[in-house]
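First the structure, in the form of structure tokens, and then the observations on it.
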Amino acid sequence: MMNTVSDIAVSGVGFALPILVAASGELVSERAGVLNLSLEGMMLTGAFASVLGAVTTGSAVGGLAAGLAAGVLFGLLQALLSVTLRADQIVVGIASNALALGATTYGARLLLADGKGQNAPGFAVVEIPLLHRIPILGPALFSQTALGYFCFAVVGLLAVTLSRRTRAGLVVDAVGEDAKAADWSGLPVRKIRYLCVLVAGLTAGLAGAQLALSEVRSFSDNMTAGIGYLAVVAVIAGRWRALGVIWASVFFGIAQALQFALPALGVSVPFALLVMLPYVIAIAAVSGFIRNSRSPANLTVAFARAS
């Protein structure tokens, strides 16, 4: 029984980490007033670019750099449309995800054909002495790849530097709560929103690289399979707070792990229901928490300086 619980914990953290990394950047962007439904497309593009980069350079680090660059470029496109051109953020997100799915599928056919996208150079597991022997949590938290530990560090860095107790965090919140008032006070609203969207793009690219180079070491069509949407939901379920987002991400990760754990435990559940499980739980989580939370007042509201 202990081994089964440990396996679920390991799988749950493995599934949760990409969600958490992407959600940490999305949290920053939404606090500044920009919703990135395109997070799914950003992650998928980051996964594709990281595998292509790793195969091309023969280096996992080269793949990581390519994944991060792709995420930032995607974020730049999102910021251009949402912040500069003031396009509807929901429409931009849906269209961007469709574009990313088509582009990466075509790119894989063109550039990763004949098995080139399989067994890409990836990051090896690094066990932290003694800590990885802690029952249940040890293998889940302290037997990660170097990229996995880097992901934890990025999440922690964002949570600390942009908390609501730091000047940077207060500035982000000011822009997301009342952009016009922030502008009148002298804050560069558009610049701040651009930077926050780029942070979301960077973390989404990192999440895609973690999924591709640490977990599966390959690329397949639509390999994110809704993880980006779960990251957006994690921000809502987490009430736009860092600790809440962490717990929501872990919760969704374990829900995904149960897809594989329940059949192994002999629990007879239709496969289609297992696939639906994380998303059903996500809907239930949002339905339960949304009444007791309030999104940033200017979320999805385009900013236009009065002439």
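Which of the following residues is surrounded by 19 or more Cβ atoms within 10 Å (Cβ to Cβ) and among the aromatic types (Phe, Trp, Tyr): 142, 123, 150?
Details: 142 fails: surrounded by 19 or more Cβ atoms within 10 Å (Cβ to Cβ); 150 fails: surrounded by 19 or more Cβ atoms within 10 Å (Cβ to Cβ).
None of the others qualify; the one that does is 123.
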Before we move on, is residue 219 within 26 Å of residue 49 (Cβ to Cβ), modelled with pLDDT of 95 or more and not basic (Lys, Arg)? no
Would you pick out the residues in segment 153-178 that are closer than 23 Å to residue 295 by Cβ, β-branched (Val, Ile, Thr) and surrounded by 13 or more Cβ atoms within 10 Å (Cβ to Cβ)? 155, 171, 172, 175
Subset tally (residues that are open to solvent by less than 40 Å² (accessible area, probe 1.4 Å) and touching a residue at least 60 places away in the same chain (Cβ under 8 Å)) for segment 179-198: 7
Considering each residue of segment 30-66, count those that are assigned to a helix (DSSP H, G or I), of a type in the set (A, V, I, L, M, F, W, C) and either closer than 25 Å to residue 162 by Cα or touching a Phe, Trp or Tyr at 6+ places or on another chain (Cβ under 7 Å) (or both), and give that number. 9
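Name the residue, out of 99, 64, 77, 81, that is within 20 Å of residue 213 (Cβ to Cβ) and at pLDDT 90 or above.
Numbers: 99 fails: within 20 Å of residue 213 (Cβ to Cβ); 77 fails: within 20 Å of residue 213 (Cβ to Cβ); 81 fails: within 20 Å of residue 213 (Cβ to Cβ).
None of the other options fit; the residue is 64.
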Scanning segment 233-250 residue by residue, those open to solvent by 10 Å² or more (accessible area, probe 1.4 Å) and closer than 27 Å to residue 65 by Cβ turn out to be 242, 246
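The values are calculated or read from the model by the stated rules, or taken from the named source; none is laboratory data. Owing to the predicted nature of the structure, the values given are computational and were not obtained by experimental measurement. Note that each Cβ is placed from the backbone with ideal geometry, even for glycine, and that neighbours are counted across all protein chains shown. Note: areas computed on protein heavy atoms with side chains; ligands, DNA, RNA excluded. Shrake-Rupley method; radii C 1.70, N 1.55, O 1.52, S 1.80 Å.
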